[in-house]
Amino acid sequence: MKAKKWLLFLAFGLVLSLLAACSGDKTKEPAGTKTDDTAEEKVLKFLNPEAIPSMDPSLATDESSFIYLAATMEGLYRLDEKTQPSPGIATSHKVSTDGLTWTFTLREDAKWTNGDPVTAHDFVFAWQRAVDPATKSEYGPYMMSGVIKNAEAVNKGEAAADQLGVKAEGDFTLVVELENPTPYFETLTTFGTFFPLNKKFVEEKGNSFATSSENLLANGPYVISNWSSTSDSWELVKNKDYWDAKTVKMDKLTFKVVKDPQTALNLYEEGTVDRMDLTSDLVDQYSTNDDYTISADTFVYFLKFNQTKSEALANKNIRAALSRAFDKDALVGEILNNGSIAANGLIPKDFTPIPGSGEDFRKVSGDLVKYDLKAAKEFWAKGLAEIGTDSVELEFLADDDQTTKNLVQYVANQLSTNLEGLKVTIKQVPKKQRLALDSAMDYQLQLSRWGPDFLDPFTFMNLWTTDSGNNWTGYSSAAYDKLVRDTASTLATDAKARYNNFLEAEKLLFEDAAIAPVYQASRAQLVSPRIQGVFVNPFGATYEYKWADVNE
């Protein structure tokens, strides 16, 4: 599962990139420069496209949350500049011959910012909390069920939390029992859901835990400062208590939410931020700029159909029509114009090769859902006849940033124009609100996305199993469930058979028109040459800040 060849497919993800931010500094001094008599600090200033939805590792579900969790916390391992697990709280591990028992040796010099040592008990508490049904975590069950022994039973209330396959043997030895051999388990341990938690602190804070800087503990490279759940700005400050603090070169990283592209551009040109994302209308103007860069991504955007909120969307032919009724090539070429590519399947391009042949999964699986207006109209006519109507109204839910606004307006217009009798109204809300509406299944049509959490197709395919904690669509297929679940159980050690199942499952997903693929993202940006050592991960937390530095 960790063949060196995989690194060739992931090399694109190692471009230095980072969300840029502003400080509100009216003096227009170069970012990172102090104007008083104190010693100069190393500072980088960036933008973030939205407020941070959650800093609770058990409750986080989105890109921004996991970025800042990874900056302020650390699990057993951390992804390095080559996207390989490097020592975090664990210094080493050993795996039993049957692949079911992993024993981690923890370092004894890791501390929480309240001075407590980070111990194996912190991992046990955090993992149990993540699958406890009372926590109402989405990612806990999604990441651990079928992987950690008894995780699914605990989450369903069929077993007590202490039956989860994780235990502390003393303070610095963690033993994990798996349901099945899981070759990618080491990379899972780098992900935010698997971070430790200080039980005493969490329980003392109660409902206030993770709602503000004062209600958080850090054990990673940085501490988040001046943050609350409603903040539109915050700082990452070097954590002097971090076990590897000598490696952390930056004193501070600042972030500010800016959604207007022109405002972001003005801040970059003033020199008050170190990076910005370019919208399509700015790409051509700045594509020859020395600071211009395109970063390939493994995020895939898709339309979600809530089959429980609309009679029309409960109909497979209606969903199939919607999936094919908008021109994705025009969308990425004209609306986005940032290097993104049309997606005609779920697994992204250049993410993972087929075992044995080494061919890219996306190439082998092929184009499963292309723009096809003739087919869309045929599916539409069949669907309307089946539900006995000649008109359909749908509400289209999406985030409220400008790029998304342009995108959903385009898609809505294409759908309404190409499918006679369809009326689409757009509902744009802040990302945190959209996520809440999503998990409450309070939407009809939605633009959503997924980035891989670990290096395996399972991270995408398990989303749509019936009991997945992220399948807020009403889609359910026993055949699909079996194909995907067998990859984590009976076929866990048979790489070729696993991938054959993934190929069949992806095909079935789109035969059922469960979702509609839209595009695989890229990011066109202006990046200051000051930035060094900031890595983009092709899975897990998008940005790695531990090794950040400045080139003055």
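The values are calculated or read from the model by the stated rules, or taken from the named source; none is laboratory data. This structure is a prediction, so every number in the text was calculated from the model and none was measured. Neighbour counts run over all protein chains shown; Cβ positions are idealised from the backbone, glycine included. Keep in mind that these areas ignore ligands, DNA and RNA; they rest on the heavy atoms of the full protein, side chains included. Shrake-Rupley method; radii C 1.70, N 1.55, O 1.52, S 1.80 Å.
Which residue out of THR135, THR103, THR91 is polar (S, T, N, Q), touching a strand residue (DSSP E or B) at 6+ places or on another chain (Cβ under 8 Å) and open to solvent by less than 50 Å² (accessible area, probe 1.4 Å)?
When all the criteria are applied, what remains is THR103.
Can you name every residue in the stretch 226-263 that is open to solvent by 40 Å² or more (accessible area, probe 1.4 Å) and in a strand (DSSP E or B)?
Across the stretch 226-263, the qualifying residues are SER233, GLU235, VAL237, LYS238, LYS252, LYS256.
Tell me, which residue of the stretch 498-552 that is of a type in the set (Ser, Thr, Tyr) and not in a helix (DSSP H, G or I) is farthest from PRO221 (Cα to Cα)?
This residue is TYR519.
Would you mention how many residues in the stretch 411-433 are open to solvent by less than 40 Å² (accessible area, probe 1.4 Å), closer than 18 Å to TYR301 by Cα and at pLDDT 95 or above?
5
For a quick check of your reading of the model, give me the residue pairs whose first member lies in the stretch 417-440 and is closer than 30 Å to SER137 by Cα, whose second is among the small types (Gly, Ala, Ser) and in a strand (DSSP E or B), with beta-carbon atoms closer than 9 Å and at least 6 apart or on different chains.
From the stretch 417-440, the pairs are ILE426/ALA398; LYS427/ALA398; GLN428/ALA398; VAL429/ALA398; ARG434/ALA398; ARG434/SER448; ASP438/SER448.
For the condition under 29 Å from LEU278 (Cα atoms) and of a type in the set (Phe, Trp, Tyr), what is the one hit in PHE361, PHE396?
Step by step, each of PHE361, PHE396 is checked, and only PHE396 is under 29 Å from LEU278 (Cα atoms) and of a type in the set (Phe, Trp, Tyr).
All but one of (1) buried (at least 24 other Cβ atoms within 10 Å of the Cβ); (2) more than 17 Å from LYS546 (Cα to Cα) hold for ASN48; state the number of the condition that does not hold.
Unmet for ASN48, out of (1) buried (at least 24 other Cβ atoms within 10 Å of the Cβ); (2) more than 17 Å from LYS546 (Cα to Cα): (1).
Given the condition buried (at least 23 other Cβ atoms within 10 Å of the Cβ) and of a type outside the set (A, V, I, L, M), answer yes or no: does some residue in the stretch 506-513 qualify?
Checked against the condition, which is being buried (at least 23 other Cβ atoms within 10 Å of the Cβ) and of a type outside the set (A, V, I, L, M), the stretch 506-513 yields at least one hit.
Among the residues of the stretch 106-132, which ones are assigned to a loop (DSSP other than H, G, I, E, B) and either out of contact with any helix residue (DSSP H, G or I) (no Cβ under 7 Å at 6 or more places or on another chain) or surrounded by fewer than 17 Cβ atoms within 10 Å (Cβ to Cβ) (or both)?
ARG107, GLU108, ASP109, ALA110, TRP112, THR113, ASN114, GLY115, ASP116, VAL118, THR119
Do we have ALA159 as part of a loop (DSSP other than H, G, I, E, B), among the aliphatic types (A, V, I, L, M) and closer than 25 Å to SER489 by Cβ here?
yes
Go through ALA314, ALA296 for me and flag whichever is small (Gly, Ala, Ser), out of contact with any Lys or Arg (no Cβ under 7 Å at 6 or more places or on another chain) and either within 22 Å of LEU508 (Cβ to Cβ) or part of a loop (DSSP other than H, G, I, E, B) (or both).
Answer to the selection: ALA314.
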